[in-house]
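Report on one structure; see the data block that follows.
The values are calculated or read from the model by the stated rules, or taken from the named source; none is laboratory data. These figures come from a predicted structure and were not determined experimentally. Cβ placement follows ideal geometry from the backbone for every residue including glycine, while neighbour counts extend to all protein chains displayed.
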Amino acid sequence: MGVVSMLVLLLTHPLEFRTLVQYKLWHDAERDITAPEEIKNSGWDRKTMRRCWELLDLTSRSFSGVIKELEDDLARVVCLFYLVLRGLDTIEDDMTLPDGKKQPLLRAFHDYAVTPDWSFSENGPDEKDRQLLVEFGVVSHELNLLNEKYREIIIDITKKMETGMADYAHKAATTGEVYLETVDDYNLYCHYVAGLVGEGLTRLWSASSKEASWLGKQLELANSMGIMLQKTNIIRDYREDTDQRRHFWPREIWGRELYGKACGHPAFKEMKEMYLPGNEKQALWALSGMVVDVLGHAVDSLDYLRLLKNQSVFNFCAIPVTMAMATLSLCFMNYDMFQKHIKIRKAEAASLIMRSTNPRDVAYMFRDYARKIHAKAVPEDPSFMQISIACGKIEQWCEHYYPSFVQMTRSATGGAATQLFDPSDARTRIAQAAEKRDHELHLEKRARELNGGAPVDNRQRAEQMPTSELFMYLGAAFLIVFGSAMGAVWVLLKYYGDA
Amino acid sequence: MSDEPAPEIRYLVLGGAGFLGSYIVQALISRGDTHVAVFDLREPAQEDKIERVSYYTGDICNLDRLVDVLKETGANVVFHAVSPIHGLSDSIYQRVNVDGTKTLLEACRHPSLSGNVFKFVYTSSTGVTWRAQDIVGATEEQLPIPENGYDMYHHTKAVAEKMVLEADGDGMRTVVIRPGGMIGPRDPQLLHRLAAALAEKKHKVQIGNNTNLVDWVYAGNVADAHLAAADRLPSRKDLDANTTPHPVAGQVFIITNGTPMLQWDFSRLVWRALGASPADLDPKKATKIPRWLALFMATIAESWCKLNGGHTELTKFNVIYSTTTQWYNIDKARHALGYQPRVSLEEAAAMSAKWWKERGEKEHKARQASRRKLL
């Protein structure tokens, strides 16, 4: 941002100015991947990898910064993963390539990705990332240097994604069908182009041992989070995509009779009808339908983020989703979106980046945006109830994981944090009882430990006893009791029996 | 959701002609049960009668009549879903909820039935724990029943609930279901109340700031929970075998749709379905009355009505009820009953609105006319 625009901002939006200054001052400087101590992670000493980093800067505006922040060698791994998928995307996107040419190219891309010196220069001249494919040899060279555990994941995801992309491209080319028909189609498409990215990244986290190994198998949530990001972009880019005759909104949503009926019109037949004058209301209802659909992924994303433990991985995942929530709240009930490209303000983005550091704050940001969305909703909207429920779900999630009746406080001297319970809340009674019981158990344990190292917990020992041994002891005890009882009877009978 | 019922099980639904009761009866019939009987104050309208169900009428405080019906139907499972609506005189609640439940429990254990009734499901209400305070995602165990319920309705429901839980054991196992605010076709309260407010143009007024989430539940889902609870009570052969706390018998379950909504969103949605103009429902244009002011006004309105007679909807109860957070954690029912809300709130609201247009509105008008005649 130039000095002049910063000065203008100071006058027009002083609070945003403050946020941006804070961001510049306090946010950690970008990691220097060229530094000597980083070379083993970043591969900066190799010409091919240096070119890959440059290509990353060229092809990705929003991601290159966060990718470089990933801890240790994850930055390089994800950089290469990104470049491979970007290359695949550039072939899929290119409208100048005929289907006959595109199909074999897409379906073999996972092989090309690791073929030394493979390159492709037949992209249309307007394809913005065509240079990446021209120089693709550097990427394949670096991929082949990569640890096998990472390369396998990247290639596997590429294979799945190329198949999906080729299927969709083929369907569009052969049937002349320009629209995604059903919500299921839409979900599947988003799975191929974004859900798989989430799955791949998650497997990479696990492979790097920065996250738990089981996380790499927990792909449902990763997929859902990827889809949430993709769907948000698809909503925001409505005008741009429609002008380029690329349609990702499913007809099942925008073509709903219900939205037309609410305005006394027939259902939309074409996607471009939404930006024509006179259709404002119906377009907004269609947009609401799309937003409700994305909000369904919000708690999955929160669930996913709660499973992460590495700070750099957390930031990498959390920043895009909080941005997505902000974008959704910006687009919702905003007719400008049908007319031009809209995006969240720089200061808002900076503030999101600074706050996306832990699941609690992210959840609260989600909740704040959900409340903003809710505040814009009107009962006239056919999706009103679903919006209300979706926002309620986010509130419910926050309350479940970060209950409002618990207040964390830290003493002035900076000692351990303590919990305070809101006395008027119903949950406090049980929480206090549980706390008291824990305290008593703790004291009991301490007392026993002080008692000359007596066994800490007898009960647990007994439970761990093998069943056969247990039966043996029980049997012996039974025999003793039975035997002495019989003995007593015998004695009684012997001495008093005759009486 | 429910297990395959053993064919010889016989069901009696008390209050089966009422709102929730009719959903329980329908659910039993729909899953193929053949021995279903209803006991209620009066028979339902001809069009509301469900095929293959035998209807009995009588008073829940009449022990002899109850025993006769239990004998005649051979009931093994009793659903007690009798409950007068909220807002009637105190004596009715004492008589029906307390005396009625006591009589019914006695009837079920009557020696002449020789232990034929061995499962008892009681429909309580989330209101039994309500103390006019916010309830935020709380569980059954976190919510104690207050010494004195908020009003006679809630108090007597709580007393009855306690009697039912104490009756668990000795040849008959019992369970309590506490549903949240119910909606669905044939609803006798919520839609009528909202329709009345709409007729009086009160829908443009919002009390409080609409930040309180509230749980609702589709009556059919509550019926599902009743059946699931009955199915999961111990079978006759191991009635008393289990001495440790049983996961279902002697337990209380909160049942909601698990999707809380903001209070006024829900009302506005229903008003919209009832035909209010969208402009009138715009939250930004609503006249907002702060909670404290509304409480003050309600106090005056109520004393006025007490002195001069008449009826007001602006009661302290209604003000507090509509501005308080009230949503629950239903994990216990999900785990122990396998409960899963089958019908979403959207679907339930749409069905209710359809019913209202087809029948409810006419019944509402007829009811208003008869009230006017009484006055």
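Of the conditions (1) within 12 Å of chain B (Cβ to nearest Cβ); (2) among the β-branched types (Val, Ile, Thr); (3) in contact with a Lys or Arg (Cβ under 9 Å, 6 or more places away or on another chain); (4) in a helix (DSSP H, G or I), residue A:362 satisfies every one except a single condition; which number is it? So the condition that residue A:362 fails would be (1).
On the given criteria, is residue A:175 farther than 24 Å from residue A:316 by Cα, of a type in the set (S, T, N, Q) and without any contact (Cβ under 8 Å) to a residue 24 or more places away in the chain? Judged against the criteria, residue A:175 is a match. Among the residues of the stretch B:265-297, count how many are within 12 Å of chain A (Cβ to nearest Cβ) and free of Cβ contacts under 8 Å to residues at least 12 places away in the same chain. Of the residues in the stretch B:265-297, 6 are within 12 Å of chain A (Cβ to nearest Cβ) and free of Cβ contacts under 8 Å to residues at least 12 places away in the same chain.
Would you tally the residues in the stretch B:87-135 being part of a helix (DSSP H, G or I), within 30 Å of residue A:403 (Cβ to Cβ) and small (Gly, Ala, Ser)?
Of all residues in the stretch B:87-135, those part of a helix (DSSP H, G or I) come to B:90-108, B:111-113, B:126-129.
Imposing the further condition that a residue be within 30 Å of residue A:403 (Cβ to Cβ) reduces the set to B:126-129.
Filter once more, keeping what is small (Gly, Ala, Ser): B:127.
Here the count works out to 1.
Filter the stretch B:198-209 down to residues that are crowded, with 18+ Cβ neighbours inside 10 Å and among the aliphatic types (A, V, I, L, M) and give me whichever is nearest to residue B:359 (Cα to Cα). Please lay out each step first, then the result.
Here is the first cut: in the stretch B:198-209, the ones crowded, with 18+ Cβ neighbours inside 10 Å are B:198, B:203, B:206-208.
Going one step further and asking which of them are among the aliphatic types (A, V, I, L, M), we end up with B:198, B:207.
Working: B:198: 17, B:207: 30 Å.
Among residues in the stretch B:198-209 that are crowded, with 18+ Cβ neighbours inside 10 Å and among the aliphatic types (A, V, I, L, M), the one nearest to residue B:359 (Cα to Cα) is B:198.
Does any residue of the stretch A:26-40 turn out to be at pLDDT below 75 and part of a helix (DSSP H, G or I)? Yes: one or more hits.
Flag: residue B:358 does not match the condition of being within 21 Å of the chain's Cα centre (by Cα) and free of Cβ contacts under 8 Å to residues at least 60 places away in the same chain.
A Cβ distance below 6 Å, combined with a sequence gap of six or more or placement on separate chains, defines the contacts here; from the stretch B:137-156, residues that are more than 11 Å from chain A (Cβ to nearest Cβ) reach residues that are crowded, with 20+ Cβ neighbours inside 10 Å and among the polar types (S, T, N, Q) in the pairs B:145/B:129; B:156/B:97.
Counting only strands (runs of 3 or more DSSP E) that sit completely within the stretch B:200-278, those holding 1 or more residues that are more than 23 Å from the chain's Cα centre (by Cα) and closer than 28 Å to residue A:377 by Cα correspond to B:205-207. Checking A:100, A:43 one by one, the residue that is at positive phi and more than 25 Å from the chain's Cα centre (by Cα) is A:43 and no other.
Residue-level check: of (1) at pLDDT below 90; (2) within 30 Å of residue B:221 (Cβ to Cβ); (3) out of contact with any Leu (no Cβ under 9 Å at 6 or more places or on another chain); (4) among the hydrophobic types (A, V, I, L, M, F, W, C), residue B:333 misses just (1).
Quick one: count up the residues across the stretch B:37-62 that are surrounded by 14 or more Cβ atoms within 10 Å (Cβ to Cβ), more than 20 Å from the chain's Cα centre (by Cα) and not in a loop (DSSP other than H, G, I, E, B). Within the stretch B:37-62, residues that are surrounded by 14 or more Cβ atoms within 10 Å (Cβ to Cβ), more than 20 Å from the chain's Cα centre (by Cα) and not in a loop (DSSP other than H, G, I, E, B) number 3.
Suppose we keep only residues that are modelled with pLDDT under 90 and buried (at least 16 other Cβ atoms within 10 Å of the Cβ) within the stretch A:386-421. Which one would you say is nearest to the other protein chains (Cβ to nearest Cβ)? Write out each step before concluding.
First, the residues of the stretch A:386-421 that are modelled with pLDDT under 90: A:404-421.
Now drop any that are not buried (at least 16 other Cβ atoms within 10 Å of the Cβ), which leaves A:405, A:421.
On the way: A:405: 7, A:421: 12 Å.
Checking each candidate, the answer is A:405.
Residues considered: B:289, B:300. Of these, the only one that is among the β-branched types (Val, Ile, Thr), modelled with pLDDT of 85 or more and under 30 Å from residue A:385 (Cα atoms) is B:289.
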